[in-house]
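Notes for the one structure printed next.
The values are calculated or read from the model by the stated rules, or taken from the named source; none is laboratory data. Since the structure is predicted, the reported quantities are computational estimates derived from the model, not experimental observations. Note that we place each Cβ from the backbone using ideal geometry, even for glycine, and neighbour counts take in every protein chain shown.
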């Protein structure tokens with residue numbers, strides 16, 4: 001009995017010492033954590049105190065200490081009150097509160113009463129039994145209140161409730177029996193340390209489950225691994241012992257050879273358990289997956305990665321931003337990204353490793369295998385067996401010499417896009433186990449999406465620049481066609497009027513204007529953008545439209561111009577206005593036979609206040625379907641190879657930039673009328 005009692009006290013002391021160390025190591029804050037630590041310390045004192053009493057006596061008497069009993073009853077009650085009523089209160093405030101002060105006062109009064117001369121030995125025992133019963137009843141009431149208040153978290157509180165209920169019910173039975181017999185049964189006293197030791201894992205389980213307590217209890221994976229192997233070995237030895245016991249009980253006899261073989265097999269099995277790397281690795285992975293919270297706080301790490309990628313500046317290289325996100329995810333400071341293009345690795349971030357030719361040769365070999373395996377490489381473990389099978393012909397000597405520790409591949413559309421080379425740069429290196437691989441897989445997927453988005457944006461910007469240049473070139477070519485038409489008119493009329501001084505003067509004036517326009521077009525090509533007048537000059541519309549109409553008089557049907565009934569001056573880009581009106585006149589002439597008419601008319605209307613430029617003809621007209629779907633689209637034309645398909649589009653764009661609109665009304669074989677309307681708010685008359 002004495003050995004049993006001693007064993008129970010030692011187990012109880014070790015259990016609460018381990019629990020206290022775990023909670024203390026959690027680095028959380030709050031009254032619940034503090035009360036758990038105080039409770040575990042009190043139980044350690046309780047166990048050691050009874051050990052001291054047992055050793056101090058003749059090592060045969062199992063007694064009960066009023067002081068130790070009152071301390072453990074009081075501290076458990078305080079813990080339950082802290083869980084129930086003071087989760088958000090500071091520890092100092094809780095310990096100064098009414099609950100702690102009341103319990104402290106009761107403990108002091110009880111211990112003074114026990115040692116006072118007013119009670120004999122039998123009365124003291126009765127008083128101790130009554131106090132224990134009262135304490136158990138109070139604790140059971142508090143336990144029931146905690147379970148009711150748990151709500152949806154009952155699952156998390158169940159281990160605590162069941163464990164403490166077990167202890168208090170045991171105490172009730174023990175003290176009720178003692179109250180009847182007027183003596184405490186020694187068997188109950190010897191069993192009690194084991195009951196308290198059994199409570200320890202229940203408390204630990206609830207501490208891990210209840211999020212409100214904020215107790216991130218952590219046990220070293222290596223410690224659990226070694227403990228598990230010892231438990232496994234112990235179970236194996238027990239199985240051997242049970243086998244031997246069974247043979248002995250059944251009256252069978254062992255032959256000498258069988259005993260030697262049995263013992264040798266047992267020793268080999270035990271040696272395999274402790275020496276085998278594969279078995280240890282299996283146990284370690286199993287323990288990490290099923291008994292531990294994650295190594296990373298995924299919610300926080302994911303938010304940090306998202307924030308890093310979201311803060312990307314358009315002007316900043318997105319490859320560098322992706323590299324920063326990957327490095328921050330591992331708390332690494334050094335890294336580089338190599339993009340695979342045309343089966344070659346190209347460094348797209350600064351060369352922080354000083355990558356040599358040998359390094360690139362090794363990477364070429366590794367990348368060829370990564371296309372097949374999709375592995376994340378931990379180079380310090382590259383000599384292990386799993387790497388030898390898949391990367392048999394590859395070496396990482398040069399990579400390790402440059403400080404590279406992790407090779408993280410990036411896949412886009414299930415194809416290898418590139419690899420990140422990462423280094424801890426002398427800081428704590430992260431061992432790439434199963435969890436880190438899963439974590440890096442998620443990080444690389446997010447970064448891959450970010451890189452794909454950046455490359456897509458880059459291609460779109462490049463295409464937009466080409467599209468803008470092509471659009472500008474189309475307008476320049478269109479203007480060039482008009483210039484060539486003017487030069488052609490000079491050449492055509494030169495035969496008839498070369499002796500006419502007025503024609504020669506007009507020719508030089510036209511050539512000067514042509515040179516100016518061609519210089520402007522050349523400038524547009526150099527600057528890669530279509531020029532717009534920052535401050536348009538004030539032009540008189542009657543004079544400008546008359547001049548434009550005059551330029552097309554040599555082609556039939558010659559356009560007629562009808563002036564407005566008053567001068568109209570407008571701040572416009574004269575060259576662009578003349579160009580778009582000229583193109584509309586040219587279209588009208590081409591759509592109308594020589595016997596038809598082309599009319600250009602300027603109108604001012606006051607309701608609404610607008611100025612209208614009307615170009616009408618009696619030509620072949622257009623269908624409504626063509627007007628609705630094709631007329632105002634660039635590069636759509638009815639002239640075949642003779643037209644560019646941008647003139648009407650440019651006219652509409654010009655009208656809109658002036659705050660107006662361009663409308664069209666047409667009927668097949670009847671004619672077409674274009675009306676450019678500009679608000680009079682833009683007009684100075």
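Quick notes on this one:
- Residue in the range 587-601 that is in the same structural domain as residue 675 (by TED's automatic domain parsing), within 18 Å of residue 678 (Cα to Cα), surrounded by fewer than 20 Cβ atoms within 10 Å (Cβ to Cβ) and over 60 Å from the mean Cα position of the chain (by Cα) present: yes
- Test for residue 370: is it in the same structural domain as residue 311 (by TED's automatic domain parsing) and within 14 Å of residue 444 (Cβ to Cβ): yes
- For the range 306-393, the helices (runs of 4 or more DSSP H) that sit wholly inside it and include 3 or more residues that are out of contact with any strand residue (DSSP E or B) (no Cβ under 6 Å at 6 or more places or on another chain), closer than 21 Å to residue 455 by Cα and in contact (Cβ under 8 Å) with a residue 24 or more places away in the chain are 318-330.
Each row is one residue, and each column tells you yes or no for (1) part of a loop (DSSP other than H, G, I, E, B); (2) modelled with pLDDT of 80 or more; (3) more than 22 Å from residue 50 (Cα to Cα).
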residue: 156; (1), (2), (3): no, yes, yes
residue: 173; (1), (2), (3): no, yes, no
residue: 219; (1), (2), (3): yes, no, yes
residue: 225; (1), (2), (3): no, no, yes
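- Against the conditions (1) surrounded by 13 or more Cβ atoms within 10 Å (Cβ to Cβ); (2) in contact (Cβ under 8 Å) with a residue 40 or more places away in the chain, residue 122 satisfies every one except (1).
- Residue match in the range 14-37 (condition: over 46 Å from the mean Cα position of the chain (by Cα), crowded, with 19+ Cβ neighbours inside 10 Å and at pLDDT 80 or above): no
- Residue 403 surrounded by 15 or more Cβ atoms within 10 Å (Cβ to Cβ), outside any strand (DSSP E or B) and at positive phi: yes
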